[in-house]
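The values are calculated or read from the model by the stated rules, or taken from the named source; none is laboratory data. Computed from a predicted structure; not experimentally measured. FYI the Cβ positions are ideal-geometry reconstructions off the backbone, even for glycines, and counts take in every protein chain you see. SASA here: full protein model, heavy atoms, side chains in, ligands and nucleic acids out. Shrake-Rupley method; radii C 1.70, N 1.55, O 1.52, S 1.80 Å.
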Amino acid sequence: MRHIISVILEDEAGALSRVSGLFTQRGFNIESLTVAQTTDPTLSRMTIVSSGSERVLEQIVKQLNKLIEVVKVTDLTSQDHVERELMLAKISSTSKEGVDLKELVEIFGCKVVDVKDKIYTIEVSGKTKKINAFLDALEPSNIIEISRTGVTGISRGKKLI
Amino acid sequence: MELNGAEILVDCLQKEGVDHVFGYPGGAVLHIYDAIEAQDKITHVLVRHEQGAAHGADGYARANGKPGVVLVTSGPGITNAVTGIATAHMDSIPMVVISGQVPSPLIGMDAFQEVDATGITRSCVKHNFLVRDIKDIAITVKKAFHIATTGRPGPVVIDIPKDITIAKMEKEEYPESIEIRSYKPTTKPSNRQIRKAAELIANSKKPILYAGGGCVIGNASEELREFTRMLGFPITQTLMGLGAYPMTDKQSLGMLGMHGTYEANMAMHGSDCVVAIGARFDDRITGNLAKFCPSAKFIHIDIDPSQISKNVVADIPIVGQTTQVLKALISEMKDKELADISKWWSKIDEWRKVDSLAYKKSPGVIKPQSVIEALYEVTEGKAIVTSDVGQHQMWAAQYYLFDEPRQWINSGGLGTMGFGLPAAMGAKLAMPEKDIACVTGEGSIQMMLQELSTMLQYATPVKIINLNNGYLGMVRQWQEFFYEKRYAMSYMDALPDFVKLAESYGHLGIKVDKEEDLKPALVEAFKQKDRTVFLDIITDPSENVFPMIPAGGAHCDMLLAGRDEMVSKDETDFNAV
């Protein structure tokens, strides 16, 4: 099962490699990992998407907690939460099947943020599923290049990590 | 007063109460060595190889409970120490390793003797630091000792670039204590879990206590004894836990696991309630997980939450210090009525009658088991025994009945050959009044032989009991059982003359190849209070370690000495209790 794990950790050199090293060392899987500073500049927030059985997830959370620099670990998927991913995609405008790119952009609520050499750069954000659906709607040969951020997430309402 | 980084570092070590540092100098740490030379509170032990430094500090820490301290240079200095650091990590030994690093501006430039020390050690330390500013030295040392010695202990590496040791600043007060917001180990158990555990323990009819290294490292031996005697339960101990409860006591079933006793393993298999205390259900303990303790409920006590439900799902997990958890359980259970377990004890006594550690003596050859028995007799069971890794390690664990914690020092988790000799040296420095025996084999001893030289320089007399059978015995045993006797690379030809070798290092060497000479030689060796004695004992090369649970087997599938068939008990035998 897929899990979104939020980790608050000290913003120190080497902290990221400790986390990624832990996943390799113990054979845990990482689908995506994002990290950036929080409102407290001494702390970073990391969002990891991983999958595995409940027991594997329990180990992931415990092993993360064991890292000295980790302040807090939460499995967001176990609670009410919002998740988003951002993608920048360069799409060629010459559509063979006549799918109107602008129409797609409207349907999926994305934005065209740049155009150069007849190539559109489109910004898509939403759940992973939506981004995948957008890509599926395109002619594969028109997709020049994509860059995805991986999932980030946050709990709903008053509840903090 | 203005001090340089090296002087600040050494001052911090003094403030931490460090009395011994095991190390080896080199370019990146020359300023630190200069500062060490200028003081006399800390004795520096100059080893002959950095792995020996880490094992020496490890043996020191295991013998007296204080953190071991290592000082090595950059590059090969720290890479040589890695095996010793990993050894300490697997067995949760408190250790602080200071490694020199190339000057800050050269980091990342592939400088001479540069290696990414924090990167290389990351997966085998509890934590590591790279000091980037002279102002951080004191706080980093404070953090390192705090992390190494609290919670589940472990090694911490501090990597210090050379320029940081040269820079100067005004001396500041060394912090008295430290608070790390992201590191707060749970020490006190939850009352609710204690009540639940007490209930289960009181109602179990076939209980067993299974005590591990956490009882030794956590100094919980006293509480463990009180708890075990109060309940009157059988107790088995892991390789790392031996001595936490006296092995000569009638409630002790000895060691469990792959080479554990018949009664310990059968009792585990038949139990309805296993109380794991500071133990981690290692694969050498559980054997085949699918067949492990089929009818037991598990209470798992550990300070490290990640150990709980890792291999075996705990019915009642209790996170906390072994001392505190046991104290809480003792007070909770003081007036509790316990289920009658007399039937369980009579079943266990039947299993005991199998006498699984019995072995046949044969004329003309020295049986390795008899060497350990003789060692036990001559030292009256009071020596600190270190070991290397292999058959001799198992025999020492089985036949030397440890009655006290910290009496048995071995590399249980990583299984590091070469550990025994430097660990014995460290143990002697920690406990100079004690007799120290290093039980080893001709394979293991050759991995750290050079430390014989250090042992002469620092006058650390230990007795080396070399069980010399010419084979890498445990490898040979597996090849005999599981590789149709194809003895690939397990025979060691061209062994040195160990007696002459010991003598060339300035020690006393005695060769023993007759049974009747064994005891007199041991007596003579232990009479030599001030000398290291190397006893090269020629033992039966065909001897195997029994009992044994073959890989994939259950606790009830044991191979016993002199019995060709596996002893397997069907379930009805257990249900009858």
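Taking θ as phi - 60°, what are the ³J(HN,Hα) couplings along segment B:170-183 by the Karplus curve (6.51, -1.76, 1.60), each to the nearest whole Hz, with x for Gly and Pro?
5, 5, 10, 5, 6, x, 6, 9, 9, 10, 10, 5, 8, 9
Report the gain in length on full extension from B:D497 to B:K184: 0.36 nm times residue separation, minus Cα-Cα distance, nm rounded to one decimal.
In short, 107.4 nm is gained.
In a shell of Cβ-Cβ distance under 9 Å around B:G68, excluding B:G68 itself, what net charge do Lys and Arg (+1) and Asp and Glu (-1) give?
+1
Per 10 Å bin, what percent of the C-alpha pairs of the protein assembly as shown does each bin hold, from zero upward?
3, 13, 20, 22, 19, 12, 7, 3, 1, 0
Within segment A:77-161, list the trypsin sites (Lys or Arg not before Pro) lying in a DSSP loop whose Cβ has at most 10 other Cβ atoms in a 10 Å radius.
A:K96, A:K118, A:R156, A:K158
Once each part is reduced to its C-alpha centroid, what is the distance from segment B:215-252 to segment B:521-551 in angstrom?
Going from one Cα centre to the other spans 26 Å.
Threshold 10 Å², probe 1.4 Å: give the residues of segment B:92-139, in number order, that are less accessible with all protein chains present than with their chain alone.
B:R122, B:S123, B:K126, B:H127, B:N128, B:R132
Could you work out, residue by residue across A:66-75, how many beta carbons of other chains sit within 10 Å of that residue's beta carbon, and then give the average as an integer?
Working: counts 9, 4, 12, 4, 2, 5, 1, 0, 0, 0.
That average works out to 4.
State the volume of the convex hull built on the alpha-carbon positions of segment B:70-119, expressed per residue in Å³ and rounded to an integer.
Once divided by residue count, the hull of segment B:70-119 is 69 Å³.
What are the aspartates and glutamates whose alpha-carbon lies under 17 Å from the alpha-carbon of A:K66, with same-chain residues fewer than 8 places away excluded?
A:E10, A:D11, A:E12, A:E58, A:D75, B:D91, B:E179, B:D302, B:D304
Please give the Cα centre distance for segment B:89-111 versus segment A:10-85, rounded to the nearest Å.
That distance is 25 Å.
Using the heavy atoms of the protein chains and a 1.4 angstrom probe, tell me the accessible area per residue for segment B:144-210 in square angstrom.
Accessible area per residue: 47 Å².
When the scattering of segment B:489-562 is computed by the Debye formula from its Cα atoms alone, each counted once and equally, what is log10 I(q)/I(0) at q = 0.11, 0.15, 0.19, 0.25 Å⁻¹?
Result of the Debye calculation: -0.48, -0.72, -0.87, -1.13.
Quickly estimate the mean residue ellipticity at 222 nm for chain B, helices only: each DSSP H run with n ≥ 4 gives -39500 (n - 2.57), and the total goes over all residues, rounded to 500.
Taking each H run of at least 4 residues, the total per residue is -10500 deg cm²/dmol.
Using modelled backbone amide H atoms (1.01 Å from N, in-plane), which distant-in-sequence or interchain residues come within less than 5 Å of A:D11's amide H?
When sequence neighbours closer than 5 places are left aside, the close amide H contacts are A:L43, A:S44.
Going by amide H atoms built from the backbone, whose H comes under 5 Å of the H on B:F22, apart from near neighbours?
Under 5 Å from the amide H of B:F22: B:V45, B:V69, B:V70, B:L71.
In square angstrom, what is the accessible area per residue of segment B:304-349 with a 1.4 angstrom probe?
45 Å²
Which links in B:K188/B:K336; B:K361/B:K382; B:K66/B:K527; B:K184/B:K205 stretch past 27 Å when you go from one Cα to the other?
From the list (B:K188/B:K336; B:K361/B:K382; B:K66/B:K527; B:K184/B:K205), the Cα-Cα distance tops 27 Å for B:K66/B:K527; B:K184/B:K205.
Separation between the A:L160 and B:S362 pseudo-spin-labels, each 7 Å from Cα along Cα→Cβ, expressed in nm?
Using points 7 Å along Cα→Cβ, the separation is 7.3 nm.
Quick one: Debye curve from the alpha-carbon atoms of segment B:423-577 only, equal weights, vacuum; give me log10 I(q)/I(0) at q = 0.20 Å⁻¹ to two decimals.
Computed log10 I(q)/I(0) values: -1.19.
Residue by residue through segment A:68-74, what is 3J(HN,Hα) from phi via Karplus (6.51 cos²θ - 1.76 cosθ + 1.60, θ = phi - 60°)? Round to whole Hz and write x for glycine and proline.
4, 7, 7, 8, 7, 10, 9
For chain B, evaluate the Debye formula with one uniform point scatterer on each Cα (no solvent term) and list log10 I(q)/I(0) at q = 0.10, 0.12 Å⁻¹, rounded to two decimals.
Result of the Debye calculation: -0.87, -1.18.
Given a 1.4 Å probe, show me the residues in segment A:42-62 buried by at least 20 Å² of accessible surface when comparing the whole protein assembly to the chain alone.
The answer is A:R55, A:E58, A:Q59, A:K62 - residues whose exposure falls by at least 20 Å² when every protein chain is included.
Take the alpha carbon atoms of segment B:138-180, find their center, do the same for segment B:371-437, and report the distance between the two centers in whole angstrom.
That distance is 32 Å.
From the backbone phi of segment B:448-453, what are the Karplus-calculated ³J(HN,Hα) couplings (6.51 cos²θ - 1.76 cosθ + 1.60, θ = phi - 60°) in whole Hz, Gly and Pro given as x?
Whole-Hz 3J(HN,Hα) from phi for segment B:448-453: 9, 3, 4, 6, 4, 5.
What lysines sit close enough to B:K168 to cross-link, taking a C-alpha to C-alpha distance under 18 Å and skipping anything fewer than 8 places away on the same chain?
In chain and number order, the partners are B:K135.
Need the per-residue list for segment B:168-186: every residue with at least 40 Å² less accessible surface in the complex of protein chains than in the chain by itself, probe 1.4 Å, sorted by number.
Residues of segment B:168-186 that lose at least 40 Å² of accessible area once the other chains are added: B:R181, B:S182.
Can you give me the % of accessible surface on the protein assembly as shown that is carbon or sulfur? Probe 1.4 Å, all protein chains present, nothing else counted.
Values: 16120 of 31090 Å².
Whole-percent figure for carbon plus sulfur exposure: 52.
In degrees from 0 to 90, rounded to the nearest 10, what is the angle of the helix A:128-137 Cα long axis to the longest principal axis of chain A?
20 degrees
Tally the DSSP beta bridges in the protein assembly as shown and give the antiparallel ones as a percent, rounded to 5.
Around 45 percent antiparallel, to the nearest 5.
For segment A:1-126, with every protein chain kept in place, what is the accessible area per residue (1.4 Å probe, Å²)?
52 Å²
Distance in nm between label sites at A:I144 and B:Q113, each 7 Å beyond Cα in the beta-carbon direction?
5.3 nm
Find out how many positive minus negative residues lie around B:K511, taking Lys and Arg as positive, Asp and Glu as negative, among other residues whose Cβ is under 11 Å from that of B:K511.
Within the 11 Å Cβ shell, the charges total -2.
Out of residues 5 or more away from A:V115 or on other chains, whose amide H comes under 5 Å of its own, with H placed 1.01 Å from N in the peptide plane?
Residues meeting the amide H criterion: A:T121.
Report, to the nearest 10°, how far helix A:54-66 tilts away from the longest principal axis of the Cα atoms in chain A, using its own Cα long axis and a range of 0 to 90°.
70 degrees
As a test of the definition: with a 1.4 Å probe, what buried accessible area, both sides summed, do you compute for A against B, in Å² to the nearest 100?
Roughly 1600 Å².
At a 10 angstrom cut-off on C-beta neighbours, averaged per residue, how do the peptides B:427-439, B:83-95 rank from highest to lowest?
So the order, starting with the most tightly packed, is B:83-95, B:427-439.
Determine the sum of side-chain charges near B:P189: Lys and Arg each +1, Asp and Glu each -1, restricted to other residues whose C-beta is under 12 angstrom from that of B:P189.
Once all neighbours under 12 Å are counted, the net charge is +3.
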